[in-house]
1. So what's the angle, to the nearest 10 degrees on a 0 to 90 scale, between helix 3-21 and the longest Cα principal axis of the chain?
2. Could you work out how far apart the two model spin labels at ALA169 and SER132 are, taking each label as a point 7 Å from the Cα in the direction of the beta carbon, and quote it in nm?
3. Taking the alpha-carbon centroid of each part, what is the distance from segment 240-267 to segment 138-173 in angstrom?
4. Starting from the Kirkwood radius over alpha-carbon pairs of segment 217-260, derive D by Stokes-Einstein at 10 °C in a medium of 1.306 mPa s and give it in µm² s⁻¹.
5. Taking every DSSP beta bridge that has both residues in the chain, what percent is antiparallel when rounded to the nearest 5?
6. How would HIS63, HIS215 line up by accessible area, probe 1.4 Å, largest first?
7. Output the direction-averaged projected area (hull surface divided by four) of the convex hull of the alpha-carbon atoms of the chain, in nm².
Amino acid sequence: MNPSARLRSQIGILLLVLSILSQPLLMILPAAAEVPMATGTPVPVVLNASSLDHAAELNVGQHEVVVLDFSNSESVTIPGNVNVAGKLYGMSTNSEFSTASFSASNFVVNHGAEFSTSLPSDLRQSFPSAISSLNLILNAVQNIINQGTISSSGNLTATAGGSITNALAPGVTGSAPIMQAVNNVNLTSNLGNIVNSGTITATAGNINIASQVIHDLVVNNIGGRFEALQGTFNVRDSLFTDKANLNIAGGDVVARQLNLFSGNGIAKVDLNEAQGQFN
């Protein structure tokens, strides 16, 4: 090969490598399979959850559909952020792995996006062996921000070192955000700050709110709704005896029972509507 041809070949290889490296992270990870979908519907990228172990961050684009398979691993740890603008689903075909657990610096689910272990009907048909109940756990070093939908076919557990926000960003209009689970919804903010101007629902279970550290707990529920029609709405529990205040402001809380505990602190509750027995 003459020097000119060799140079052109080397340049071509370099451009190919740069093109691959410039693609979104998820698209260069080895996919477990591609699921055929209806014409016009984005074809999902299907990955083994363990394939994300070395990912610096997780970004799902607005028109992307990603399915993570937790059949052989229950946990994913991302050093950076998880940012969902499209659809991110977790599933498992192994009953011994019934939890999809994510750890990251921050979780951001954008308006119109979905982060769920409840597969839509077309994906359920593609994965007929997927178990029907898969818990979803989100562990954030800093914050969890939901402007779309976060849902679980089992329990939904969201733990943040900072705040948990289920609300649209200022200036954003459209459908209100949703956090929901078939069973229990567990929300823990170590900063003691939870904001809800959407809907947080435990369909057949309880809603449990707490902080892992002794801290005042503020629940800004203005324009929001907590709903546990078959269960209870619990803030802390009867074992909490420390001095930390509780403030729940605005919105609606609907449950069979409302159990609120502030230990030796002060509890202030100012709701738009409360349905259920207060304890």
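The values are calculated or read from the model by the stated rules, or taken from the named source; none is laboratory data. It should be emphasised that the depicted structure is a prediction, and the values quoted were computed from it without experimental measurement. Glycine gets a Cβ as well: all are built from the backbone with ideal geometry, and neighbour counts include every protein chain shown. Note: accessible area is taken over every heavy atom of the protein model, side chains too, but ligands, DNA and RNA are not part of it. Shrake-Rupley method; radii C 1.70, N 1.55, O 1.52, S 1.80 Å.
1. Taking Cα atoms only, the helix is inclined about 20 degrees.
2. Distance between the two pseudo-spin positions: 3.9 nm.
3. Here the answer is 21 Å between Cα centres.
4. Numbers: Rh = 11.3 Å.
Diffusion coefficient, whole number: 140 µm²/s.
5. 5 percent
6. HIS63, HIS215
7. Taking the Cα atoms of the chain, their convex hull projects to 18.4 nm² on average.
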